[in-house]
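Take a look at the structure set out below.
The values are calculated or read from the model by the stated rules, or taken from the named source; none is laboratory data. The structure displayed is predicted, hence computed values, not measured ones. Cβ placement follows ideal geometry from the backbone for every residue including glycine, while neighbour counts extend to all protein chains displayed. With ligands, DNA and RNA removed, areas are computed over all heavy atoms of the protein, side chains included. Shrake-Rupley method; radii C 1.70, N 1.55, O 1.52, S 1.80 Å.
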Amino acid sequence: MQSNCSFLIQHIILAAQQKDTSQGRMDSGHGKIRMKVEGDRLSSLPDDIIHKILSFINTKHAVQTSVLSPRWRYTWTSVPCLNISYLSFRTQAKFSKFVTRVLSGRNNQIELSSVELTFHGKVCGEFVKKILNKVLKYAFSHNVQHLDITYGRPGKSTEFPISHISSQSLKHLTLFGFGHKDSITTPFTWDLLALTTLDLWYVTLWYDDNDKSAGLFSNCPNLKNLTVSHCHIVGPNGFYICHPGLSNLTLEEGDTYGDVVTPQLKSLTIRNWPKMRLISAPNLASLHYEADHEPLRLSSELLHLETVDMCIFHPYVVDPEARKIVSLLQQLRSVKFLTLNLELIEVSVLNVIIRI
């Protein structure tokens, strides 16, 4: 199914580009007949299938399909997805003109399900701010549910030009920098009452709230799924994750001290974030932990924990660090399914033998 869809997408883009470049130059009868046959074949597809296919390609290519046939002229205006990338344009002026054309040309009666924006390269912050404000204003007025923003400049940390996002409809938000040297730096706040999923990649967050009950995500009351990966947290009190309704939490590649207090948490994944401590998660059922040397720090009983997958590379084999590993395993003695890497087992057995 996926391969067939990819073939159709490539076929549509190629047909649109061929017709766009051949208009005014095609003089052979065979060429005209061939393009007519291709256009008729594509135009025979139902609208919902065409919209689904166009949702997989970037908006620039979707707009290009308007040259395929009279039926396709306005098809792109009803696609419920926008995928706009600065990488597809040579100048800021051309990109800005295209964004304006797309937003003014869309069918205003059609709501947006998703918006994906990509800014990368030598693009100034004020320009990005202008485009973001324009697109987000349009997206939120059309009840967008999924927003994905990628932003970064090569070789440097980039301040995110917008410090506050507010939406009543947004359910899934992803912020993505291009790497540690191209991260997004922001004193970011949000009021996202409907948000259920938040993904943060290569983002530097300013967290200086002394009131731990407020928390960084307190304005997202319906948040269920949180991923914080390759992020840096700036603040005097570390990173305090406190949310009453969070169900799934993934923490990856972090070096900030932090505590997790999540009474409804069901699934927790920690990869190479050894300074994170699990304070309270009484309903936790699944735990995946990977680290180099350091065992997970637990400060509470996990009475409902059923599945544990733990991998500690190069664990310390001498006291007192080895005892921490044994103590951790003792806390996990009631789990139903336990998976450990070989090095962890060897250290545990050796420590028991030495104590005997």
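Side notes on the structure shown:
- Selected residue (only one of 303, 342, 329, 350 is open to solvent by less than 60 Å² (accessible area, probe 1.4 Å) and either modelled with pLDDT of 80 or more or among the aliphatic types (A, V, I, L, M) (or both)): 329
- If the condition is being over 24 Å from residue 194 (Cβ atoms) and of a type in the set (A, V, I, L, M), then the range 234-250 contributes only 234.
- Test result for residue 45, within 25 Å of the chain's Cα centre (by Cα) and not small (Gly, Ala, Ser): no
- Residue within the range 107-128 that is among the hydroxyl-bearing types (Ser, Thr, Tyr), in the same structural domain as residue 202 (by the TED database) and over 30 Å from residue 217 (Cβ atoms) present: no
- Applying the criterion of being part of a loop (DSSP other than H, G, I, E, B) and of a type in the set (A, V, I, L, M, F, W, C) to the residues of the range 42-80, the residue that is surrounded by the most Cβ atoms within 10 Å (Cβ to Cβ) is 79.
- The single condition among (1) touching a His at 6+ places or on another chain (Cβ under 7 Å); (2) not in a loop (DSSP other than H, G, I, E, B) that residue 288 does not meet is (1).
- Looking across the range 102-125 at every residue that is touching a residue at least 24 places away in the same chain (Cβ under 8 Å), over 23 Å from the mean Cα position of the chain (by Cα) and not in a loop (DSSP other than H, G, I, E, B), the one that is nearest to residue 162 (Cα to Cα) is identified as 103.
- Top-ranked residue of the range 248-274 - restricted to ones that are in a loop (DSSP other than H, G, I, E, B) and under 20 Å from residue 204 (Cβ atoms), ranked as most open to solvent (accessible area, probe 1.4 Å): 257
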